[in-house]
Amino acid sequence: MPAFACDRLSIGTFYNPHLAETLLSRGDAVDHLSMADPPAADDAFFPRIRERFPLLLHDYLGQLADPLSHHALARARNLQQLYRGPWIAEHFQCLHTEDGKYTLDYVFPPLYTEEFLRRFVGNARRLADFVGASLVMENIPGFFAVDHAQMSEAEFLRRFFDESGCGFLIDVPHLWLAAHYQKRDARAYIGEFPLDKVVEIHVGGVDDDCDLGGPWVAPTLPTPEILELGVWIAERAPGLRAVTVDQFSPSLTAEVMFESVEMTRAAFGVTAARRKTA
Amino acid sequence: MSDRTVQDEIIGYLADAGLRIRASSAIPAGERPKATRFAHFLARRYYRDRLARSFRYSHRLFRETGRAAEQVADSQEFSGFLETCVMGSLASAQRVSEMARAHLSAISLEPWWADLLDYERAYFLQAATAERATGATEQPARGLSALCWHFAWALPEMLPRLRSGEPGGDDLRRESTLLFSRTHMGRIYVVEVEAAMERIFTAVDGLRTSEQIAGAAGVSPDSARRMLAALANIGAVEFRS
């Protein structure tokens with residue numbers, strides 16, 4: 001199993017199984033792959049994908065607003081044993097009701113309160129301890145404002161990282177959207193976040209959505225503004241190790257996937273280089 | 001009220017159009033139109049994704065049909081449905097499945113086309129129903145979305161052919177009965193069942209005891225217990241005491 005690049009930034013994308021054959025045929029185009037779903041039982045390409053690329057666990061492991069069940073913890077550990085990436089990822093999200101009656105089936109942020117901070121810190125520590133791997137946490141944008149918040153998203157995340165010891169997976173389109181819908185300047189908004197904790201950056205595209213009446217994340221090419229913001233973050237993130245193009249969709253084409261990775265390489269000044277062991 | 005309870009109120013507001021009729025204490029009045037737009041975005045995404053996954057075999061014939069099940073998620077009818085949708089409920093899944101069935105039935109293709117659509121519709125009901133049955137019952141009950149369906153064609157053999165681009169031929173004209181179910185963990189099962197198993201499943205109504213189910217199905221109590229256990233393993237039957 002290949003090891004993660006250690007002499008330079010690793011530039012990767014998500015594993016989209018319908019593009020597996022193309023990925024394998026394009027050699028060094030991609031440094032690493034993030035796994036949003038476990039490999040399907042009938043995915044004949046996955047064994048070769050696993051041999052060829054370092055993999056990052058980015059599956060839904062559970063919502064850390066609530067304690068994870070033993071089943072969920074064991075599943076996370078099994079997936080990490082399969083991928084053996086240098087870290088695992090989860091999101092600042094709370095999308096299921098406690099009684100299981102409703103689920104949004106989509107990332108949705110928690111209330112930024114002391115109670116949720118305690119919950120996330122405790123449950124994140126348990127997950128990382130059980131799996132035996134470093135945990136990075138990804139920011140999630142809100143589309144509308146709610147009452148009851150006791151602190152800003154940036155303060156919530158800063159305190160979480162300080163208390164949990166987790167790393168920051170900073171999703172640039174998510175922050176750009178949060179700033180956009182709060183009518184804030186994106187760079188000023190991002191500057192409030194603990195960039196010194198960043199381990200991985202997500203870049204990606206945004207496109208107009210008919211229901212939202214404005215932009216949202218989309219499996220399209222990263223915009224120049226998103227890439228510029230990503231580079232600006234990288235300059236302030238001494239612990240940064242990877243940049244991942246966040247595109248996971250059955251409609252994603254190989255052309256868009258490879259062009260996105262190339263644009264990201266160019267923006268971050270990383271050339272396709274030899275892979276070295278970590 | 002704990003913060004977790006407030007969060008649940010917001011999640012319910014987004015998932016259930018019925019709850020959006022009432023004001024939510026957690027969402028300021030000025031933000032409610034935006035919250036409703038986000039709720040519509042979530043629901044459209046949820047059903048479009050499940051339509052694409054469930055109707056993937058009929059989609060393979062898109063070049064000939066020009067139709068795909070997920071197209072209904074962009075229709076006027078679907079926009080109207082969003083005003084009453086309860087995301088993940090059986091009733092909403094049934095309504096969307098009927099839209100997709102009607103959209104694809106409008107074209108007549110091969111003789112097995114109707115059977116394929118019935119298969120995909122039954123699969124979609126499992127994929128799109130996250131709702132769980134409520135209320136304890138002492139007796140075995142059917143999984144909320146579980147169903148048995150009779151087919152005139154051998155779907156288990158036809159689907160691999162469609163996957164590999166081969167045509168379904170007359171040699172696949174064979175009656176089959178398939179049971180579709182979903183576990184609490186969201187795993188979907190489609191299994192071909194024999195007549196006795198179907199009779200057991202049909203006899204389960206949340207009221208009959210295992211012995212009464214055995215009697216109604218005409219099998220021995222021991223066999224009935226084994227079959228009920230097998231059905232419970234795939235989410236087709238639940239014990240909710």
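The values are calculated or read from the model by the stated rules, or taken from the named source; none is laboratory data. These figures come from a predicted structure and were not determined experimentally. Here the Cβ is made from the backbone with ideal geometry for all residues, glycine too, and neighbour counts use every protein chain on show.
Computed values, structure above
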read-out	value
Failed item in (1) free of Cβ contacts under 8 Å to residues at least 24 places away in the same chain; (2) farther than 16 Å from A:Cys166 by Cα, with A:Pro109 passing the rest	(1)
Residue list for the range B:203-241, filter: out of contact with any helix residue (DSSP H, G or I) (no Cβ under 9 Å at 6 or more places or on another chain) and either part of a helix (DSSP H, G or I) or exposed (fewer than 14 other Cβ atoms within 10 Å of the Cβ) (or both)	B:Leu207, B:Thr209, B:Arg226, B:Ala229, B:Ala232, B:Asn233, B:Ser241
Residue, nearest to the other protein chains (Cβ to nearest Cβ), within the range B:35-79, restricted to residues that are in a helix (DSSP H, G or I), more than 21 Å from the chain's Cα centre (by Cα) and surrounded by fewer than 19 Cβ atoms within 10 Å (Cβ to Cβ)	B:Arg37
Filter result (under 19 Å from A:Val107 (Cβ atoms) and touching a helix residue (DSSP H, G or I) at 6+ places or on another chain (Cβ under 9 Å)) within the range A:223-248	A:Ile226, A:Thr244, A:Val245, A:Asp246, A:Gln247
Number of the exception - A:Ile49 against (1) of a type outside the set (Lys, Arg); (2) surrounded by 16 or more Cβ atoms within 10 Å (Cβ to Cβ); (3) not in a helix (DSSP H, G or I)	(3)
Hits in the range A:25-45 (condition: within 15 Å of A:Val261 (Cα to Cα) and in a helix (DSSP H, G or I))	A:Gly27, A:Asp28, A:Ala29
Some residue of the range A:119-131 being away from chain B (no Cβ under 14 Å), hydrophobic (A, V, I, L, M, F, W, C), touching a Lys or Arg at 6+ places or on another chain (Cβ under 7 Å) and not in a loop (DSSP other than H, G, I, E, B)	yes
Among (1) in a loop (DSSP other than H, G, I, E, B); (2) in contact (Cβ under 8 Å) with a residue 40 or more places away in the chain; (3) out of contact with any helix residue (DSSP H, G or I) (no Cβ under 6 Å at 6 or more places or on another chain), the one test that A:Tyr60 misses	(2)
Scan of the range A:136-153 for residues that are under 21 Å from the mean Cα position of the chain (by Cα) and either assigned to a loop (DSSP other than H, G, I, E, B) or not hydrophobic (A, V, I, L, M, F, W, C) (or both), ordered by number	A:Glu138, A:Asn139, A:Ile140, A:Pro141, A:Gly142, A:Phe143, A:Ser152, A:Glu153
Matching residues, the range B:142-153, being surrounded by 20 or more Cβ atoms within 10 Å (Cβ to Cβ) and over 18 Å from the mean Cα position of the chain (by Cα)	B:Trp153
Every residue from the range B:9-34 that is at the interface with chain A (Cβ under 7 Å from one of its Cβ atoms) and among the charged types (D, E, K, R)	B:Asp16, B:Glu31, B:Lys34
Qualifying residue in the range A:122-135 (condition: under 30 Å from B:Arg44 (Cβ atoms) and more than 20 Å from the chain's Cα centre (by Cα))	no
Subset of the range A:235-255 (residues that are of a type in the set (A, V, I, L, M, F, W, C) and either under 22 Å from A:Ile170 (Cα atoms) or within 14 Å of chain B (Cβ to nearest Cβ) (or both))	A:Ala237, A:Leu240, A:Ala242, A:Val243, A:Val245, A:Phe248, A:Leu252
Conditions (1) buried (at least 23 other Cβ atoms within 10 Å of the Cβ); (2) in contact with a Leu (Cβ under 9 Å, 6 or more places away or on another chain); (3) within 27 Å of B:Arg44 (Cβ to Cβ); number of the one not met by B:Ser92	(2)
Long-range neighbours under 8 Å by Cβ, at least six apart or interchain, first residue closer than 25 Å to B:Thr36 by Cα within the range A:126-150, second part of a loop (DSSP other than H, G, I, E, B) and hydroxyl-bearing (Ser, Thr, Tyr)	A:Asp147/B:Ser25; A:His148/A:Thr113; A:Ala149/A:Tyr112; A:Ala149/A:Thr113; A:Gln150/A:Tyr112; A:Gln150/A:Thr113
Qualifying positions in the range A:226-271 - part of a loop (DSSP other than H, G, I, E, B), at pLDDT 95 or above and aliphatic (A, V, I, L, M)	A:Ala237, A:Leu240
Counted residues, the range A:69-113 - those being of a type in the set (A, V, I, L, M) and within 14 Å of chain B (Cβ to nearest Cβ)	6
The one condition in (1) touching a helix residue (DSSP H, G or I) at 6+ places or on another chain (Cβ under 7 Å); (2) over 26 Å from A:Cys94 (Cα atoms) that B:Thr36 fails to fulfil	(2)
